[in-house]
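The values are calculated or read from the model by the stated rules, or taken from the named source; none is laboratory data. On a predicted model such as this, the values are computed, not experimentally measured, just so you know. Every residue, glycine as well, gets a Cβ built from its backbone with ideal geometry; the counts of neighbours run over all protein chains shown.
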């Protein structure tokens with residue numbers, strides 16, 4: 001059965017541990033004589049570079065395809081784009097506006113029994129590859145290559161509850177990391193999303209808690225995490241978001257409420273002075289640039305996990 005990587009709720013904790021373990025090996029030939037179509041409806045310097053270099057690490061060939069070239073939903077349907085790219089490539093890795101685009105691609109490829117995998121490089125719903133990089137960064141800090149060392153740690157996300165928040169929580173709670181999210185009303189994860197996260201934590205014993213108060217949320221936390229308040233496509237809401245999310249920034253005073261050795265993560269790009277202070281981003285608690293480097297590491301793990309069965 002062809003493996004896809006659209007959302008971490010579709011992966012078991014065993015799958016997640018395998019992906020994290022597979023990420024560690026610098027190079028292999030998993031993609032030898034194979035190619036990856038990188039479809040970008042949204043731009044990203046980190047996602048493009050990390051994905052393309054991970055393909056190189058695995059001895060494959062990456063092809064960059066912009067929205068103007070495929071025009072999903074306007075020039076061609078998602079199904080036709082998937083089958084066209086599937087005629088040339090083993091993996092379609094796509095950064096899309098709508099999660100439904102990825103689901104349509106997966107559906108048509110599976111229905112036609114194409115051995116072509118779809119990987120979510122970002123959608124409006126989730127960002128699973130970023131979450132893998134985040135966990136790898138935490139492992140560096142607290143456990144080296146020992147995933148179990150993360151069990152019982154506490155991560156606190158501060159700010160807009162978005163696609164990054166969801167994937168991060170999904171990954172952490174499956175690994176036994178307690179998750180807290182501090183967001184104002186109107187910016188919290190939906191009740192259905194929260195229930196999904198809580199369900200994922202049943203086997204690990206980890207907890208998920210939603211907070212209104214960021215100070216209470218970060219008390220004793222080992223990891224503080226944030227993201228931009230205004231993502232691509234939300235520019236018209238920027239001023240309203242600044243007003244609503246004021247007070248939900250990672251500042252030095254907020255950091256003082258966390259554990260003394262807490263680390264700070266941000267998936268970037270950062271708006272200094274909004275969701276994070278420059279002093280924190282550039283300070284001794286920041287592990288943001290290591291986190292950036294792990295985007296490449298994470299993609300190696302995802303691709304290896306997808307292709308594992310073909311290597312046996």
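Which members of region 181-201 meet the condition of being touching a strand residue (DSSP E or B) at 6+ places or on another chain (Cβ under 7 Å) and at pLDDT below 95?
Restricting attention to region 181-201, the residues satisfying the condition of being touching a strand residue (DSSP E or B) at 6+ places or on another chain (Cβ under 7 Å) are 181-182, 188-189, 194, 197-198, 201.
201, the sole residue that qualifies.
Restricting attention to region 8-38, which residues are assigned to a loop (DSSP other than H, G, I, E, B) and under 30 Å from residue 66 (Cβ atoms)?
Taking region 8-38 first, the residues assigned to a loop (DSSP other than H, G, I, E, B) are 11-12, 23-34.
Within region 8-38, 11, 23, 26, 27, 28, 29, 30, 31, 32, 33, 34 meet the criteria.
Take residue 253 and tell me if it is exposed (fewer than 13 other Cβ atoms within 10 Å of the Cβ), over 30 Å from residue 11 (Cβ atoms), at pLDDT 95 or above and assigned by TED's automatic domain parsing to the domain that holds residue 191. Talk me through it step by step, then tell me what you get.
On the way: exposed (fewer than 13 other Cβ atoms within 10 Å of the Cβ): yes; over 30 Å from residue 11 (Cβ atoms): yes; at pLDDT 95 or above: yes; assigned by TED's automatic domain parsing to the domain that holds residue 191: yes.
Judged against the criteria, residue 253 is a match.
Take region 105-136 and flag every residue that is closer than 16 Å to residue 48 by Cα and part of a loop (DSSP other than H, G, I, E, B).
123, 127
Whether any residue in region 140-151 is surrounded by 20 or more Cβ atoms within 10 Å (Cβ to Cβ) and touching a strand residue (DSSP E or B) at 6+ places or on another chain (Cβ under 7 Å) is what I want to check.
No: zero hits.
Each row is one residue, and each column tells you yes or no for (1) over 22 Å from residue 294 (Cβ atoms); (2) without any contact (Cβ under 8 Å) to a residue 12 or more places away in the chain; (3) touching a strand residue (DSSP E or B) at 6+ places or on another chain (Cβ under 8 Å).
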site	(1), (2), (3)
2	yes, no, yes
9	no, no, no
14	no, yes, no
25	no, no, no
28	no, no, no
34	yes, no, yes
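Given the conditions (1) surrounded by fewer than 22 Cβ atoms within 10 Å (Cβ to Cβ); (2) within 21 Å of residue 265 (Cβ to Cβ); (3) in contact with a helix residue (DSSP H, G or I) (Cβ under 6 Å, 6 or more places away or on another chain), which single one is not true for residue 167?
(1)
Restricting attention to region 235-244, does a residue exist that is outside any loop (DSSP other than H, G, I, E, B), in contact (Cβ under 8 Å) with a residue 60 or more places away in the chain and either loosely packed, with under 13 Cβ neighbours inside 10 Å or in contact with a strand residue (DSSP E or B) (Cβ under 6 Å, 6 or more places away or on another chain) (or both)?
As a first pass, look at region 235-244 and keep what is outside any loop (DSSP other than H, G, I, E, B): 235-244.
Next, only the ones that are in contact (Cβ under 8 Å) with a residue 60 or more places away in the chain stay: 241, 244.
So of that shortlist, the ones also either loosely packed, with under 13 Cβ neighbours inside 10 Å or in contact with a strand residue (DSSP E or B) (Cβ under 6 Å, 6 or more places away or on another chain) (or both) come out as none.
Checking region 235-244: not a single residue is outside any loop (DSSP other than H, G, I, E, B), in contact (Cβ under 8 Å) with a residue 60 or more places away in the chain and either loosely packed, with under 13 Cβ neighbours inside 10 Å or in contact with a strand residue (DSSP E or B) (Cβ under 6 Å, 6 or more places away or on another chain) (or both).
Of the numbered conditions (1) part of a helix (DSSP H, G or I); (2) more than 19 Å from residue 153 (Cα to Cα); (3) in the same structural domain as residue 184 (by TED's automatic domain parsing), residue 300 satisfies every one except a single condition; which is it?
Going through the list (1) part of a helix (DSSP H, G or I); (2) more than 19 Å from residue 153 (Cα to Cα); (3) in the same structural domain as residue 184 (by TED's automatic domain parsing), residue 300 breaks only (3).
Report every pair of residues separated by at least 6 positions or lying on different chains whose Cβ atoms are under 6 Å apart, first residue within region 199-213 and farther than 16 Å from residue 13 by Cβ, second in a loop (DSSP other than H, G, I, E, B).
210/188
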